[in-house]
Amino acid sequence: MLHPITFSIPEEKIITPEPEKSKIVSSLIPGRLETYIYNTEKDYYEEYKKSMFAITMKKAGWDCMRHYEILACGTIPYFVDIHSCPPNTMALLPKQMFIEGNQLFERINGKTKLDNSEVNEYFNLRKRLLDYTKTHLTTKAMATYVLEKSNHSGAKNILYLSGDTKPDYLRCLTLHGFKKLLGTSFHDYPKIPHVYESGGNQYKTTYGRGYTYSNILKDNEHNDELDANVEEDIKNKKYDIVIYPSFHRGMPFYDLVSSVYKPNEIILFCGEDIHSCDYNKWLKKGHHVFVREL
């Protein structure tokens, strides 16, 4: 079956308590490189936290980490051209609330003082968006969504097979969610180094400088001993299901996996901005396929 999927954000990145706001709109403007002045994740998040609104828009794909980072800071996105977003893309985000946010922003932007009704409307919408983020858009909520949609809510042992271990937002963040849901009975192979604390900061100059998705798991959340026996464990069906979190970037052991597991016990993700391959061929095989940009 085909399912929509989106990025997500670690629960620990979501603000608590809600911060005070000191300006209407963030100075960080997508596409304007001169505004990308934040050299640490803390400073980057602080800019959003003090802003009532922050501008966001389609990047290479409609789904973008910036949306989630804005929401996690208790800030309302001003989402450019949200009406043009296809219905099955960003399907898990609260697009109607984004429209409400746009309308509110357009009414109050440029004002030096807001009246009580505007203040109340702002804080009401901010609370609704923050509550939605905490309930539906955390990495753990996304992992739960994948299991529910694929009818594997009872799965306890899961193998997460990657071909390429370079940063991939969908793969990395959903990995974090599964780890928080299942611990070491969820095994990523090969280990995705930058997601763990020992992975270092080698991604600080690329892929969003590593903000939000790097060094977010403790090293003991990966059971290194399982690495040596992955192929044998597949043969013995140690795992309840197998997930390929980026079928574009390699599908190790696929022939073996498909000979041992039923088609509906194999799950594939496509997190690309533009998916050039035909995911229908995997659907015809009977796999569950989750696609970010439908």
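Observations on the model:
- From the list Tyr244, Tyr213, the lone residue that is touching a residue at least 40 places away in the same chain (Cβ under 8 Å), closer than 23 Å to Thr184 by Cα and in contact with a strand residue (DSSP E or B) (Cβ under 7 Å, 6 or more places away or on another chain) is Tyr244.
- Restricting region 41-92 to residues that are in contact with a His (Cβ under 7 Å, 6 or more places away or on another chain) and surrounded by 23 or more Cβ atoms within 10 Å (Cβ to Cβ), the residue that is farthest from Tyr211 (Cα to Cα): Pro77
- When every residue of region 150-170 is checked against the conditions, at least one turns out to be within 16 Å of Lys13 (Cα to Cα), in the same structural domain as Glu231 (by TED's automatic domain parsing) and touching a residue at least 60 places away in the same chain (Cβ under 8 Å).
- Some residue of region 108-115 being part of a loop (DSSP other than H, G, I, E, B), in contact (Cβ under 8 Å) with a residue 40 or more places away in the chain, among the charged types (D, E, K, R) and crowded, with 18+ Cβ neighbours inside 10 Å: no
- Residues of region 35-57 include at least one that is touching a strand residue (DSSP E or B) at 6+ places or on another chain (Cβ under 9 Å), outside any helix (DSSP H, G or I), among the charged types (D, E, K, R) and on the phi < 0 side of the Ramachandran plot.
- Looking across region 154-170, the residues that are under 20 Å from the mean Cα position of the chain (by Cα) and assigned to a loop (DSSP other than H, G, I, E, B) come down to Ser162, Gly163, Asp164, Thr165, Lys166, Pro167, Asp168.
- Some residue of region 259-270 being in a loop (DSSP other than H, G, I, E, B) and assigned by TED's automatic domain parsing to the domain that holds Leu159: yes
- The residue of region 116-141 that is farthest from Thr212 (Cα to Cα), among those that are hydrophobic (A, V, I, L, M, F, W, C) and in contact (Cβ under 8 Å) with a residue 24 or more places away in the chain, is Leu125.
- Scanning region 98-120 for residues that are aliphatic (A, V, I, L, M) and within 15 Å of Val25 (Cβ to Cβ) gives Leu104, Ile108, Leu114.
- Single unsatisfied condition, Leu125 versus (1) of a type in the set (A, V, I, L, M); (2) farther than 30 Å from Asn264 by Cβ; (3) in a loop (DSSP other than H, G, I, E, B): (3)
The values are calculated or read from the model by the stated rules, or taken from the named source; none is laboratory data. Note that the structure is a prediction, hence the values are computed from the model and not measured. As a convention, Cβ positions derive from the backbone with ideal geometry for all residues, glycine included, and neighbour counts pool all protein chains shown.
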